[in-house]
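A.B. asks: Structure below; questions to follow.
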Amino acid sequence: MCGKLNEMEAELKELAVALFDIGAVKFTEVTLQNGWKTPIYMDLRVTISYPKILRKLSQTLWKLAKDSKNIAHICGVPYTALPFATVISVEANMPMLIKRKEAKSYGTKKLIEGNFESGDKCVIIEDVIVLGSSALETINDLRNSGLKVTEVFVVVDREQGGRENLQNENVEVRSLFTISQLMKYLLDAEKITLEVMEEIMGYISKNKAH
C-alpha cells in the first residue's frame, strides 16, 4: 500500500511540473467565472496540444476510482473536461455520456447524449473546481435524466468552497491536486519561489465561499 502511495505521489509531482512547463499553471491576474480576481489560473485546455500529457493526466485521474465495476458511465463537464473523459472512456472501456450546454432545438432534442438507463451510476469528470457550480449544473441535469451521480473526479481543487458545496449535494469530490499540494510540488521542483507560494496560499485563505 505504501509503495502504491509513493508511486502515485511521484506521478503527481511529475504531472505538476509537466503542467507548469506547458503553461497550464499561470501566475497572472485573471477574473474567474464567478467574478473573483485571482493571481493563479489553471488553464487545462492547453493539454489537448500535448497528447502524452493529456493521456497521462487522464490515466492518473482514473486511478481515483475505487471500484470502477460499479460505474456505468462517465461524463465530462463541458467543455474543458471532455478530452479527459474521452481518453478515460477509450482506455478504460468505460461508456461516456455528453451533457450539452443546452438541448438541441432539432432532431432528438437531447440534453444528454449517449445510451443509458434510469438508475445507472455516472461519475463526473472535471478539470478545476472553484465553487463547484459548473459540476453541479452537470450533476443536476444528469440526475434529472434519471442517472445516479455521487462522485466527481477533478484534476485541481482550488480549495475555495467547491468541495464543500458539492458535498452538501451528496457528491463526494476526489481530486488529483489541491491548490496547496500543487504549489508544494512546484516549490519542491524549484519552479516557483517560496514568496510566490505564500502569495497564492494567502489569496486562497482569504477568498473562500462562506
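All of the numbers you see were taken from the coordinates with simple rules; none came from a lab. Please read all numbers here as calculations on a predicted model, not as lab measurements. Methodologically, a virtual Cβ is constructed for each residue, glycine included, from the backbone with ideal geometry; neighbour enumeration extends over all protein chains shown.
A.B. asks: Among the residues of segment 176-195, which ones are touching a residue at least 24 places away in the same chain (Cβ under 8 Å) and more than 17 Å from Thr38 (Cβ to Cβ)? Outline the logic, then answer.
C.D. replies: The initial filter retains those residues of segment 176-195 that are touching a residue at least 24 places away in the same chain (Cβ under 8 Å), namely 176-177, 179-182, 185-186, 188-189, 191-192.
Result: Leu176, Gln181, Tyr185, Asp188, Ala189, Lys191.
A.B. asks: Quick test for you: out of Val156, Val149, Val128, Val123, pick the one residue that is crowded, with 21+ Cβ neighbours inside 10 Å and in contact with a Cys (Cβ under 7 Å, 6 or more places away or on another chain). Reasoning before the result, please.
C.D. replies: Values: Val156 fails: in contact with a Cys (Cβ under 7 Å, 6 or more places away or on another chain); Val128 fails: in contact with a Cys (Cβ under 7 Å, 6 or more places away or on another chain); Val123 fails: in contact with a Cys (Cβ under 7 Å, 6 or more places away or on another chain).
Testing whether each residue is crowded, with 21+ Cβ neighbours inside 10 Å and in contact with a Cys (Cβ under 7 Å, 6 or more places away or on another chain) leaves just Val149.
A.B. asks: Being closer than 20 Å to Thr193 by Cβ, without any contact (Cβ under 8 Å) to a residue 60 or more places away in the chain and aromatic (Phe, Trp, Tyr): is that true of Tyr50 here?
C.D. replies: It is false that Tyr50 is closer than 20 Å to Thr193 by Cβ, without any contact (Cβ under 8 Å) to a residue 60 or more places away in the chain and aromatic (Phe, Trp, Tyr).
A.B. asks: Being outside any helix (DSSP H, G or I), of a type in the set (A, V, I, L, M) and within 18 Å of the chain's Cα centre (by Cα) is the filter here, so list the residues in segment 157-210 that pass it.
C.D. replies: Here is the first cut: in segment 157-210, the residues outside any helix (DSSP H, G or I) are 157-161, 168-178, 189-193, 207-210.
Add one more test, that the residue is of a type in the set (A, V, I, L, M), and what stays is 171, 173, 176, 189, 192, 209.
Across segment 157-210, the qualifying residues are Val171, Val173, Leu176.
A.B. asks: Just one of the numbered conditions (1) in contact with a Lys or Arg (Cβ under 8 Å, 6 or more places away or on another chain); (2) of a type in the set (D, E, K, R); (3) in contact (Cβ under 8 Å) with a residue 12 or more places away in the chain; (4) more than 27 Å from Lys208 (Cα to Cα) is not true of Asp141; which one?
C.D. replies: Exception for Asp141: condition (4).
A.B. asks: Still on this structure: What's the number of the condition Phe116 fails, among (1) surrounded by fewer than 14 Cβ atoms within 10 Å (Cβ to Cβ); (2) within 20 Å of Asp67 (Cα to Cα)?
C.D. replies: Only one criterion in (1) surrounded by fewer than 14 Cβ atoms within 10 Å (Cβ to Cβ); (2) within 20 Å of Asp67 (Cα to Cα) is unmet by Phe116, namely (1).
A.B. asks: Counting just the residues of segment 1-50 that are part of a loop (DSSP other than H, G, I, E, B) and of a type in the set (S, T, N, Q), which one comes out farthest from Ala209 (Cα to Cα)?
C.D. replies: The initial filter retains those residues of segment 1-50 that are part of a loop (DSSP other than H, G, I, E, B), namely 1, 22-24, 27-29, 32-36, 39-40, 43, 50.
Adding the requirement that they be of a type in the set (S, T, N, Q) leaves 28, 33-34.
Numbers: Thr28: 22, Gln33: 14, Asn34: 11 Å.
The extreme case among them is Thr28.
A.B. asks: Which of the residues belonging to segment 61-76 are assigned to a helix (DSSP H, G or I) and surrounded by fewer than 17 Cβ atoms within 10 Å (Cβ to Cβ)?
C.D. replies: Going through segment 61-76, the residues assigned to a helix (DSSP H, G or I) turn out to be 61-62, 68-70.
Passing the criteria: Ser68, Lys69, Asn70.
A.B. asks: Out of everything in segment 1-47 that is touching a residue at least 12 places away in the same chain (Cβ under 8 Å) and of a type in the set (Ser, Thr, Tyr), what residue ends up being surrounded by the most Cβ atoms within 10 Å (Cβ to Cβ)?
C.D. replies: Looking at residues that are touching a residue at least 12 places away in the same chain (Cβ under 8 Å) and of a type in the set (Ser, Thr, Tyr), I get Thr47.
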